[in-house]
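All remarks here apply to the structure that follows.
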Amino acid sequence: MVVDFNRTVAYMCPGCGDMTFGEFSLFELSGERGISVKCDCGKSQLKIFPKTKTLYSVSLRCLVCDEEHEFDVPLIDFMRQSCIDFSCPDILIGLAYIGKKEAVMDAVKENDTYIEEMVAACGLEHTGKNGITMLKALDKIQELSDDGNLTCACGSAMIDVDVLEDELVLECCMCGATVSFTADEIRNGNFSDISEIEIQKSPESAKDKN
Ligand SMILES: [Zn+2]
Ligand SMILES: [Zn+2]
Ligand SMILES: [Zn+2]
């Protein structure tokens with residue numbers, strides 16, 4: 001049997017929400033060097049770098065919680081395991097897979113199915129690859145609402161949330177004013193740091209309503 005030194009990397013890009021693929025050879029991990037796989041969108045990369053001669057670190061920004069996660073992996077695992085998976089500690093969604101091509105592809109497929117089911121269970125099947133991003137955004141909106149930090153300039157705190165394929169729309173139930181966030185803004189802006197949303201009254205939407 002021929003020993004295969006090539007390994008495939010797959011990770012969920014926090015910048016665009018797509019699964020990103022790359023390849024490297026185990027020889028590239030020898031010595032002091034590391035490797036990185038970048039997404040075509042240019043907004044993220046997964047890095048594998050040595051901590052010691054026998055221990056490596058895999059790091060990437062998380063699509064789910066926006067933090068940088070770092071996982072320790074013994075070099076021997078890269079050689080022996082057919083597929084190593086990395087999940088966000090907060091939520092059991094596969095963020096990255098590294099291993100032999102076939103095993104990685106299978107794991108990615110399985111994870112896609114799992115995510116699709118979870119997203120569909122929340123009624124968001126129409127959001128496609130933005131499913132996780134929208135779930136995350138809804139969680140944030142809920143938190144703002146619970147804390148009384150989601151309001152409209154008209155004085156109302158009755159806000160309707162509409163999730164479109166790649167956009168989240170907030171609409172005041174009283175005056176009809178709206179504000180929206182695209183999936184891209186949610187992933188790459190400071191959405192998770194927002195502490196308060198006050199929807200501004202817009203003259204036209206107020207007119208429609210009455
Ligand atoms: Zn990307
Ligand atoms: Zn995370
Ligand atoms: Zn209003």
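Structural remarks
- Between His126 and Glu32, the simple label model (points 7 Å from Cα in the Cβ direction) yields a spacing of 5.6 nm.
- Size descriptor, Kirkwood hydrodynamic radius, that averages inverse alpha-carbon separations across the chain, Å: 19.1 Å
- DSSP beta bridges in the chain [antiparallel fraction, %, rounded to 5]: 95 percent
- With a Förster radius of 22 Å applied to the beta-carbon distance between Gln200 and Glu67, the computed FRET efficiency rounds to 0.10.
- To put it simply, the accessible area of the chain at a 1.4 Å probe is 48 percent carbon and sulfur.
- The label point for Lys100 and the one for Asp146, both projected 7 Å from the Cα toward the Cβ, are 4.5 nm apart.
- In degrees, nearest ten, helix 101-121 long axis to first principal axis of the chain (Cα): 20 degrees
- Point-to-point label distance, Glu165-Tyr114, nm (Cα→Cβ direction, 7 Å offset): 2.7 nm
- When the Gaussian network model of the chain links Cα atoms closer than 10 Å, the mean-square fluctuations of Lys43, Lys101, Lys136 top out at Lys43.
- With all protein chains kept in place, the per residue accessible area of the chain amounts to 55 square angstrom at a probe of 1.4 angstrom.
- Tilt relative to the chain, helix 131-146 - C-alpha long axis, 0 to 90 degrees, to 10: 50 degrees
The values are calculated or read from the model by the stated rules, or taken from the named source; none is laboratory data. Remember, it's a predicted structure, so these values are computed and weren't measured experimentally. For neighbour counting, all protein chains shown are included, and Cβ atoms are generated from backbone atoms with ideal geometry for every residue, glycine included. Accessible surface areas use protein heavy atoms only, side chains included; no ligands, DNA or RNA. Shrake-Rupley method; radii C 1.70, N 1.55, O 1.52, S 1.80 Å.
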